[in-house]
Structure formats: C-alpha cells, structure tokens
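Below is one structure; the comments refer to it alone.
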Amino acid sequence: MPELPEVETIKRDLERYILHKKIKGVVIKEPRSIKEPGPAAFKKKIEGQSIKEIKRRGKVLVLSLTSKEFLVVHLRLTGWFSWDKKADKSARVIFLFSDGFLNFCDPRLFGELRLIKDWQNLPMIKKMGPEPLEISKFEFIQMFKTKRAKIKPLLMEQSFLAGIGNLYAAEGLFCAGIHPQRGVYKITSEELGRLYDCLKGILSVAIKNRGTSVDTFRDLKGKEGGFSSYLKVYGRKNQPCFKCRTPIKRITLGGRGTYFCSQCQH
Ligand SMILES: [Zn+2]
C-alpha cells in the first residue's frame, strides 16, 4: 500500500503534469471508484474545472478545483495514477487534459475518489493524527504518554500518526532498535526520541528516492521507486540482518506481516 513517501511522490508528479490545467473530460469506467457524489454528478461537476492546488495529508491527496470543490483521492491498497498520451485500457477513471490523459488505475477496487466541498470535515481527515515530518521531537514523545498499545500497530494507526504504514513502521523500529511488539508504556523517552529521528530520516530519504515499489506502486510515468534498495528489514525474512547477521524474522502482528531482527530490536 502506498504510504507517505509514495503518496508524496504522486503529489509532486501531479503538480508537474496537471497543476493549473483544465479537466476537459472524465470517463468513468468503474462507478464504484467514485464514492461521492453519484458518477453522473461527479462527471458534470468536474468537467471544465482547473486544478488550482495539490496537497497531501497522510496518505490522502487533495486537489483544489477552480469551482472551490475538492477532489479527494485515497489510493488504499492498489490505486495509482499514470500520465500518458493515451487512455489506459485498465483504468477505472480517466481524466482528459489537452496534452494528455490522467489514468486512475486500481485493480482491487479499494481506492476512493470523492468530489466534496469541505475536505477538512471528511471523517478520515478530521480524525487523522499529525504529519510525522511536521511535529517536533517533544510533541512526538508526548503523544505516546497515555497510550498502552503495542508500538508497531500504534505507529500505523492513521488517527495517531498520519502516513505511516507497514513498511515504514518496520524500518523505523529497526533503525531505533525497538521490538515491534513492545508495549508503548515500557519504551523510554530516549528510545522514542531515537524513533522520531529514525522515522524522519527514513521518510525524507524515501521521498528523495521517490518511494518504495514492493507492490503496485509506480510514479506517474510508470517508474518504480528507488527506496527498495535501502530496506533493512521489510520483506527480508530469513536474510541476514545488516547489523548482526542474525536472520530477519517475520511474525504476524495486528494482522500484518511484521519484519524485525530479534538481536537488534528489544
Ligand atoms: Zn540484527
């Protein structure tokens, strides 16, 4: 699933290809991709509008239109955009511009497109936690004070911290030397400070490398992200740890495959 660095990469590509351009037409091939309003109203309201601004909040993209409405996109598990000279046959929704086609592809159909007036009042946005790259170390440490959950599932909760998913949670915890199953109340402020530095560093390098392609993620021109070669634990079951050579373990935690080093993470 695309996480903060992948969605940020898509945001930057969208700025490059469609910012200030007019949507000349919309072809909805899969009405289920449009959550709000109905497909006919969606098409009618969006055609002829220009893209004024593109924002990212957590894993969500928000495109401001000249009509003062917002196109809110959640890619979920397998959603992506491609920018091409032609329409993609497998696309669920196609946006036509004078110089190209923006294809919204989503094989598993979990992605969500919404055209709404007030994006900040959308429940998933309203309850979203802070952006990890925008809070201070002090604020980050404070957030854990009243929590009793296990660290990794908590990091992935969007209402706690925005944009972190399975991959970056695993990488952040390895970097900080924290076991994914540790109860938050047992983790010291010093360790949390280290986790903050690790997450910030990893997310920044991942954004610079245009994300990680371990699944369907590609940028708007179909290129894979360059962060895959930086992964220390994610997807490395039974391969030797880069620090101590112990084979990396994979367990299921909160329903998700979780990779860690039993020697380096406590
Ligand atoms: Zn190790």
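A few remarks follow.
- Too-long pairs where the Cα-Cα distance tops 22 Å, listed order kept, from K89/K223; K126/K186; K137/K186; K21/K85: K126/K186
- Along each principal axis, Cα extent of the chain, largest first, Å: 57, 36, 28
- Cα pair distances exceeding 21 angstrom across segment 137-260, given as percent: 39
- In plain terms, the bigger the Kirkwood radius, the slower the diffusion; for segment 4-126, with that radius from Cα pairs, at 37 °C and 0.692 mPa s, Stokes-Einstein puts D at 231 µm²/s.
- Environment charge at F242 (Cβ cut-off 11 Å; Lys +1, Arg +1, Asp -1, Glu -1): +4
- Calculated [θ] (222 nm, deg cm²/dmol) that DSSP helices of n ≥ 4 give over the chain, each run adding -39,500 (n - 2.57): -8000 deg cm²/dmol
- Put the Cα centre of segment 1-76 next to the Cα centre of segment 179-250 and the gap is 29 Å.
- Loop-located GluC sites (Glu not before Pro) in segment 160-243 (DSSP state not H, G, I, E or B) with no more than 14 neighbouring Cβ atoms inside 10 Å: E224.
- Farthest positive-ward along segment 1-66 dipole, Cα basis, beta-carbon charges - from P5, V26, I54: V26
- Since only G257, F160, L71 are under comparison, the one whose Cα sits farthest along the positive direction of the charge dipole of the chain, derived from C-beta charges on Lys, Arg, Asp and Glu, is G257.
- Net length available on complete extension from K237 to E53 is 62.1 nm, with 0.36 nm assigned per residue and the Cα-Cα distance removed.
- Applying the criteria of a DSSP loop state and at most 12 other Cβ atoms within 10 Å to the GluC sites (Glu not before Pro) of segment 58-146 yields E134.
- On Cα atoms only, tilt of 4-18 relative to the major axis of the chain in degrees: 20
- FRET efficiency, 1/(1 + (r/R0)^6) with R0 25 Å, evaluated for E30 and D99 via beta carbons: 0.50
- Label zone at D215 (point 7 Å along Cα-to-Cβ), backbone N below 15 Å, segment 35-77: 59-60, 74-77
- Taking each of K59/K221; K45/K221; K35/K68; K150/K249; K45/K117; K145/K243 in turn, the alpha-carbon distance tops 23 angstrom for K45/K221; K145/K243.
- Computed from Cα atoms, the angle from the helix 189-208 axis to the main principal axis of the chain rounds to 40 degrees.
We did not get these values from a lab; they are worked out from the coordinates using the rules stated. Fair warning: this is a prediction, and the values are worked out from it, not measured in the lab. Cβ: placed from backbone, ideal geometry, glycine included. Neighbour counts: every protein chain shown.
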